[in-house]
Amino acid sequence: MNRPAPLGLEPSFGYGDRLGLATPGHIRAHLQTGGPVRAVFAQQSVRELERTRRSCAAVAEAAQAAVDAVGFAQPWGADADHLKEFGDIEAFVAAGYSFFTIDPSDHVVAEADSMDRDQLRLAFAEIRDQVAWIEEFEGVEADLGEGVRISIGPEGLARCAVKYGRAVNFSLEMATAIDRSCRAASLGYEIEVSVDETTRPTTLAEHWIVASRLLDSGVGLAALAPRYVGGFEKGIDYIGDPLEFERDANAHARVAQVLGPYKLSLHSGSDKLSIYPGFARATGGAFHVKTAGTSYLEALRVIAATDPALFGRVIGAARRHFARDRDTYHLSIDLDDAPPPEQVTAAELADAYLDRDAGRQIAHVTFGSILTDPQLGPLVKGQVECESELYGDFLERHFNRHLTALNP
């Protein structure tokens, strides 16, 4: 049996499947246009599991069943995404996951970016005894080639310590716990650390300090997700200048090559087609991309094509839940940016919520409310199951565009 395994430095692409029905379509696309990119078919965060009321074992089982059904022979992975609690590790290990994404965002002090010098001095004094290791980075100067330089002065060092110090300590503790559990289970694994959930981009000095501390402490870092320049919102393309993004990714890739090597990871990666070619170039193929909700939107496309009345009910419910469900996402749209179902035709509704930014985001972030609705959830899943071939067609077309852009 071809089970999930560590993928190392090979380029990789994470497919999210919130219904447990998408992996057959993912496999079709991957075999057609994946090229050297390795697939991560099982990928769910704890938050997504809670919102869909699924288990990590069920996610892995659905992916494994699809792999077995077609005899998929390439190496593939399973991602225990956005781990924030020690108590969540064991379930993912028991389910055979191979890729563990540590999310220390609850321990990041984003306010450090805007502190004045007096505030920074006081904040640093409060945590200095917890981050004594930070002092080894003072005065670091490094020329990484291609015009990329690292320079760490006293203020930058203190700001990084306040912002990321506790997050790094937490990540080390999580990595130790993951290692202990995986060793006990004789399970091969790899680790990613995500520091992307901040409002301001990760500086090269911050990347250098965080990654160095992890690597020097013995963490086998497979990938790191910095916060890049520009905007990364759910279900839509990149917001910003793709050339500026490529320059930023190239600089971070130099840090990853010099310190590691390890891969750079791109979160909220679905539909960011304008930056995929630049990301692939900047990293030299040492990348990981995560997608999730975009496969759910393709399931809704099936509903719109085969049962417009049900699609209208789904969108009506999504609009009712949007104000609550948007709270854990960074979005720049409002409910009024997309029309209510009763004001447009069925074709116009499908266009507004599947092919326009505002509607896609409203539909995207309300997935949990729809899939756990006692009436709508079974209807949506049942209709997609009945139209499995069409769903596969839509997914194949959709992800062919993604994978082609990553293989320029």
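Could you list, in sequence order, the residues of region 173-192 that are surrounded by 18 or more Cβ atoms within 10 Å (Cβ to Cβ) and within 23 Å of Leu9 (Cβ to Cβ)?
Answer for region 173-192, where residues must be surrounded by 18 or more Cβ atoms within 10 Å (Cβ to Cβ) and within 23 Å of Leu9 (Cβ to Cβ): Met174, Ala175, Ile178, Cys182, Leu187, Tyr189, Glu190, Ile191, Glu192.
Keeping to region 77-86, report how many residues are more than 17 Å from the chain's Cα centre (by Cα) and either of a type outside the set (A, V, I, L, M, F, W, C) or crowded, with 21+ Cβ neighbours inside 10 Å (or both). Before the answer, list the steps.
Taking region 77-86 first, the residues more than 17 Å from the chain's Cα centre (by Cα) are 85-86.
Adding the requirement that they be either of a type outside the set (A, V, I, L, M, F, W, C) or crowded, with 21+ Cβ neighbours inside 10 Å (or both) leaves 85.
Final tally of qualifying residues: 1.
Identify, from the list Phe41, Phe99, the residue that is among the aromatic types (Phe, Trp, Tyr), buried (at least 21 other Cβ atoms within 10 Å of the Cβ) and either in contact with a Lys or Arg (Cβ under 8 Å, 6 or more places away or on another chain) or over 30 Å from Thr203 (Cα atoms) (or both). Spell out how you get there, then give the answer.
Working: Phe99 fails: either in contact with a Lys or Arg (Cβ under 8 Å, 6 or more places away or on another chain) or over 30 Å from Thr203 (Cα atoms) (or both).
The unique qualifying residue is Phe41.
Can you list the helices (runs of 4 or more DSSP H) found entirely within region 254-350 that contain at least 3 residues being under 28 Å from Thr404 (Cβ atoms), modelled with pLDDT of 95 or more and out of contact with any Cys (no Cβ under 8 Å at 6 or more places or on another chain)?
By residue number, 276-283, 293-306.
Can you find a residue in region 193-213 that is part of a loop (DSSP other than H, G, I, E, B), in the same structural domain as Lys263 (by TED's automatic domain parsing), among the aromatic types (Phe, Trp, Tyr) and closer than 25 Å to Leu9 by Cβ?
No, there is no match, as no residue in region 193-213 is part of a loop (DSSP other than H, G, I, E, B), in the same structural domain as Lys263 (by TED's automatic domain parsing), among the aromatic types (Phe, Trp, Tyr) and closer than 25 Å to Leu9 by Cβ.
List every residue pair whose Cβ atoms lie under 6 Å apart, where the two residues are 6 or more positions apart in sequence or sit on different chains, the first residue falls within region 43-64 and is assigned by TED's automatic domain parsing to the domain that holds Gly269 and at pLDDT 95 or above, and the second residue, located anywhere, is outside any helix (DSSP H, G or I) and of a type in the set (Ser, Thr, Tyr).
Going by the 6 Å Cβ cut-off, the qualifying pairs are Arg53/Thr372.
Are any residues in region 146-204 more than 14 Å from Gln130 (Cα to Cα) and among the aromatic types (Phe, Trp, Tyr), and if so, which ones?
Answer for region 146-204, where residues must be more than 14 Å from Gln130 (Cα to Cα) and among the aromatic types (Phe, Trp, Tyr): just Tyr189.
Only one of these conditions is not met by Lys272: (1) in the same structural domain as His30 (by TED's automatic domain parsing); (2) over 19 Å from the mean Cα position of the chain (by Cα). Which number is it?
That leaves (2) as the condition not met.
The values are calculated or read from the model by the stated rules, or taken from the named source; none is laboratory data. Given the structure is predicted, the values throughout are model-derived calculations rather than measurements. Cβ coordinates were reconstructed from backbone atoms using ideal geometry, including for glycine residues, and neighbour counts include every protein chain displayed.
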